[in-house]
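Every number here is computed from the coordinates shown, using simple stated rules; none is lab data. Everything quoted here is computed from the prediction, not taken from an experiment. Cβ coordinates were reconstructed from backbone atoms using ideal geometry, including for glycine residues, and neighbour counts include every protein chain displayed.
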Amino acid sequence: MIVSASRRTDIPARYAAWFMQRIHAGEVFTRNPRNPAQLVRVPLDPDTVDGIVLWTKDPAPLVPHLEELTQRGFAWYIQFTLTPYDRSIERGLRDKAAIEDTFCEIAARFGAQHLVWRYDPILLNEQLDVPWHREQFARLCEKFAGCTDTVTVSFVDLYGRRSDPRFRAPDAQEEAELAAFIGSCAPRFGIRPVACCEQQSRLAPFGIAQAACIDPVRLGAIGGWPLAVQRDKNQRPGCGCAAAVDIGAYDTCTNGCIYCYATHDKDGLRAARAAAAHDPAAPLLCGSIAPGEVPREYPAKSLRTAQLSLFE
């Protein structure tokens, strides 16, 4: 079983204390976002959990606990979204230079295999044009050389609540120009470019492969065991992720990114209320378990096929 923590919210940045409480308790409870009445208990023991994928824009609050995760026997890596946008776009984050330094510090302590850099989503406006993205992407590639082996990119999708007059998606010509630059720039710094949920027919000619953000190969290499994991059929077309159980909740992230798909109101009031009511000792990230409510047991099992030998 692979644990995703989390596509739905930034657990490392906003709920690190709760996450470690759940690690210590050996279990976590979550609700199905499509059916909140469906409560699920997920075990969090290293014999069952084959890996943990941590999604974040700033893992600083969790950094002091990463060594403990390793010592407890968990394989983990970070999907680290690090864009050059300022607080007009990503309103609740620390100074970006400091976050960039955190990226490099984690790599120095734990190795590049524990970090996947996400330059995601790529959006444009009058100031954030194609030359600006080229300059910033090259700068970050140079800074992160040796700190990661992969960069994941995607172009912003303007649908529903993501539509905003403050940014736009690139047109076909801009997308092709940026894809060509990314595909040639990143490898010069030893970084493989991949794309998340994009049509590969558009990006493959530029040397950008399909991403597997939940990557059993990476987790197997970190943990020292091969994993027999199926592709996640519940994700969007073009997604290369393996199946995983997500322990987060929508409308709980207070990073304040104006392009966010995981918060349902643009002013972030729902997330602010959820964060204010959050209890780090609770079994659920938000909300509570009603008296008499019986959780369903998640069908958790290890998917390791064999233990790798150091002598093979």
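Below is a table of values for the structure above.
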| read-out | value |
| --- | --- |
| Proximal aspartates and glutamates relative to Lys301, as straight alpha-carbon distance under 18 Å, when same-chain residues fewer than 8 apart are discounted | Glu27, Asp45, Asp47, Asp50, Asp215, Asp232, Asp246 |
| Neighbour-count ranking [beta-carbon atoms within 10 angstrom, fewest first] of Arg109, Arg34, Arg14 | Arg34, Arg109, Arg14 |
| Footprinting exposure proxy for Phe144, Phe189, Phe74 (fewest neighbouring C-beta atoms within 10 Å first) | Phe189, Phe74, Phe144 |
| For the range 174-223 and the range 235-291, distance of Cα centres in Å | 27 Å |
| Sorted by Cβ neighbour density within 10 Å, fewest at the top, the residues Met1, Met20 | Met20, Met1 |
| Environment charge of Thr150, counting only residues whose C-beta is closer than 11 Å and scoring Lys/Arg +1, Asp/Glu -1 | +1 |
| Nearby lysines by direct alpha-carbon distance to Lys57 (threshold 27 angstrom, same-chain neighbours under 8 apart not counted) | Lys96, Lys143, Lys233, Lys266 |
| Size of electric dipole in the range 1-137: Cβ of Lys, Arg +1 and of Asp, Glu -1, about Cα centre, debye, nearest 20 | 560 debye |
